[in-house]
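The values are calculated or read from the model by the stated rules, or taken from the named source; none is laboratory data. Predicted model, so just to flag it, every value in this text is computed and none were measured. Here Cβ is always computed from backbone atoms with ideal geometry, including for glycine, and neighbour counts include all displayed protein chains.
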Amino acid sequence: MTTTQNPGTAPAPRAGRKEWIGLAVLVLPCLLISMDMSVLLFGLPFISASLKPSATQQLWIMDAYGFALAGLLITMGAVGDRIGRRRLLLIGATAFGAASVVAAYSGSAEVLIGTRALLGVAGATLMPSTMALIRNMFHDPKQRQTAISLWTGGLIGGVTLGPIVGGALLNHFWWGSVFLINLPAMALLLILGPLLLPEYKAPADGRRFDVLGSVLSMAAVFPAVYGIKQLAVDGFSATAAGSLAFGIALAVAFVLRQHTAKNPLIDMELFRKPAFRAPMLVNLCGNFVLMGFSLFNTQYLQSVAGMRPFTAALWSMAAMPFVSVGMGVTGALTTKVRPGRIIGVAFLVSSAGALVLTLAHPGNPIVVLLIGAGIAAGGVVAAQSIVGNMVMAAAPAERAGSASALNETGAELGSSLGMALLGSVGAAIYHHKMQTVGASGAPDAAVRAGHETIGGADALAAQFPGPATHALLTTARDAYASGLHTAAGVGAVVLFLTALFAFRALRNEPVLPAAPKKEKGTKSKDAMPAEISPDYAAQAV
């Protein structure tokens, strides 16, 4: 929703030093939450050797965090609007730190999956409040766009920083150490948050909380995704199909509930606005591809190219120049070019990068993988740098928490589905190509582990060196590359279709307005933002 300044209306107040320092505090939990999405990418081989998870359990170790996060974001966005966004942020920081300790000392794959889910629950209390508080702190449209861009940069920075920090720790400590880095950051948030961040509660209207809608929003995610994962890895079964159908039925029930409830959890009218629903879908599709590729690329650097974790993490930084250029170009064009065109072109560029990934092969230079990954990531991130601002601008201020939660739910669900679906496709192809490969002289259990994952094949070759296990590892690397090629092809199609959707759905959306000029003699810091009523503003402490 673009605010129009009426004659005689004071311009929106501009944020000062305290707000910008407070933004740094808000970016901190985003950095950690996104790091926890990627910090285990280089730790999977170590976890495989220590906990010996199956291929499906490996995917759940990666995915349980994101799915729990996605399933609870809508609920926690509404809770934050009711009990206070800053209060929910601090509760989440405490829970996130405690869950990190439990995850660090998990003794089995099942326990690690469970604690990753607990981290997701804690993360869901943090995420909605961060962007919603930006709406309370930055009323000037141009400043808000800058703040949301920095917030997005924190998310992307966490995804990038996670493997590097994780790789450095894995070179010197056990895999559980990657979770303990959350503790000092959460402690800092608990200290600085009350000093720098405003509190906000939505105006009390006496409406009851939509408990049934909250339960349905959480319950719909897991059975649907479980069914998809089982169908992709193990083929058709009545259990997998039934689980998928049950999840879809719950999702339909949730939508119907939101249309018919007197006090719905989310405002369904928001979805009537192209400027709200289209960016959300774009965000979901972008994260679907971006996180799916990240899972493949980081394991490729270790298990196919044979790099140590920290070395592989440093090589993965090759994508950052592409990301920086993409965000810089987008920032320069936002006030000159319609957002639909920017997003559409960015996704077309990413689609080309995905096609480059299909050329990655154990016999080709590693630079092929890095260039393809960089182009794909640069285009997606360039588009995402303006998506968040479009969503927040389209929502009324008093629904900022719910709108932020919806946007982040789409992003997290996209990330998790990318890991689950693209990861499952790759796992299915790998398993199919490896199921008849043997290694004479090696224990059957170890050979079966090599059939399950490339990490298992690596461990087999290291424990029982010889021509047979070397041949198995060579085949495993070729099989993994085939899985990457298929996933990259699927991703290219998704990105191309998303580009076409953005061109069409956002074709009438205007360019972002430039920051309003302050009138002479006006002290903008004391002015009331035009889109916020006095009653609403009184709630923002």
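For this structure, a couple of remarks:
- Within region 471-485, not a single residue is under 15 Å from Asn283 (Cα atoms), crowded, with 21+ Cβ neighbours inside 10 Å and assigned by TED's automatic domain parsing to the domain that holds Pro279.
- Test for Ile148: is it within 26 Å of Phe288 (Cα to Cα) and in a helix (DSSP H, G or I): yes
- Taking the criterion of being in contact with a helix residue (DSSP H, G or I) (Cβ under 8 Å, 6 or more places away or on another chain), of a type outside the set (A, V, I, L, M, F, W, C) and more than 20 Å from Ile61 (Cα to Cα), the residues of region 113-139 that qualify are Thr125, Pro128, Ser129, Thr130, Arg135, Asn136.
- The listed residues are Gly388, Gly331, and the only one of them that is surrounded by fewer than 24 Cβ atoms within 10 Å (Cβ to Cβ) and either in the same structural domain as Arg477 (by TED's automatic domain parsing) or in contact (Cβ under 8 Å) with a residue 40 or more places away in the chain (or both) turns out to be Gly331.
- Looking only at residues in region 359-380 that are in contact with a Leu (Cβ under 8 Å, 6 or more places away or on another chain) and among the β-branched types (Val, Ile, Thr), the one that is surrounded by the fewest Cβ atoms within 10 Å (Cβ to Cβ) is Val368.
- Some residue of region 263-280 being out of contact with any helix residue (DSSP H, G or I) (no Cβ under 8 Å at 6 or more places or on another chain) and in contact (Cβ under 8 Å) with a residue 24 or more places away in the chain: yes
- The residue pairs whose first member lies in region 353-365 and is under 23 Å from Ala499 (Cβ atoms), whose second member is aromatic (Phe, Trp, Tyr) and surrounded by fewer than 18 Cβ atoms within 10 Å (Cβ to Cβ), and whose beta carbons are closer than 9 Å, counting only pairs six or more residues apart or on different chains, are Ala354/Phe496.
- Hits in region 122-142 (condition: part of a helix (DSSP H, G or I) and either surrounded by fewer than 20 Cβ atoms within 10 Å (Cβ to Cβ) or over 21 Å from the mean Cα position of the chain (by Cα) (or both)): Asn136, Met137, Pro141, Lys142
- Qualifying residues in region 201-232 (those that are surrounded by fewer than 19 Cβ atoms within 10 Å (Cβ to Cβ) and charged (D, E, K, R)) - the one modelled with the highest pLDDT: Arg208
- Candidates Met320, Met307: the one that is assigned by TED's automatic domain parsing to the domain that holds Trp175 and outside any helix (DSSP H, G or I) is Met307.
- Considered as a group, the residues in region 237-293 that are of a type in the set (Phe, Trp, Tyr) and within 22 Å of the chain's Cα centre (by Cα) include one that is nearest to Arg208 (Cα to Cα), and that residue is Phe271.
- Test: Gly374 is outside any loop (DSSP other than H, G, I, E, B), closer than 24 Å to Ala492 by Cβ, modelled with pLDDT of 85 or more and in contact with a Pro (Cβ under 8 Å, 6 or more places away or on another chain): yes
- Candidates Leu460, Leu421 - the one that is in contact with a helix residue (DSSP H, G or I) (Cβ under 8 Å, 6 or more places away or on another chain), crowded, with 24+ Cβ neighbours inside 10 Å, part of a helix (DSSP H, G or I) and modelled with pLDDT of 75 or more: Leu460
- Considering (1) in the same structural domain as Leu417 (by TED's automatic domain parsing); (2) at pLDDT 75 or above, the lone condition that Pro163 does not fulfil carries the number (2).
- For region 32-48, the set of residues classified as modelled with pLDDT under 75 and either assigned to a helix (DSSP H, G or I) or surrounded by fewer than 24 Cβ atoms within 10 Å (Cβ to Cβ) (or both) consists of Leu32, Ile33, Ser34, Met35, Asp36, Met37, Ser38, Leu44, Pro45, listed by residue number.
- In the set (1) touching a Leu at 6+ places or on another chain (Cβ under 8 Å); (2) among the polar types (S, T, N, Q); (3) at pLDDT 85 or above, the condition left unmet by Thr115 is number (1).
- Tabulated pairs, region 302-323, first closer than 17 Å to Gly43 by Cβ, second outside any helix (DSSP H, G or I) and among the charged types (D, E, K, R), C-beta under 8 angstrom, 6+ apart or interchain: Gln302/Arg308
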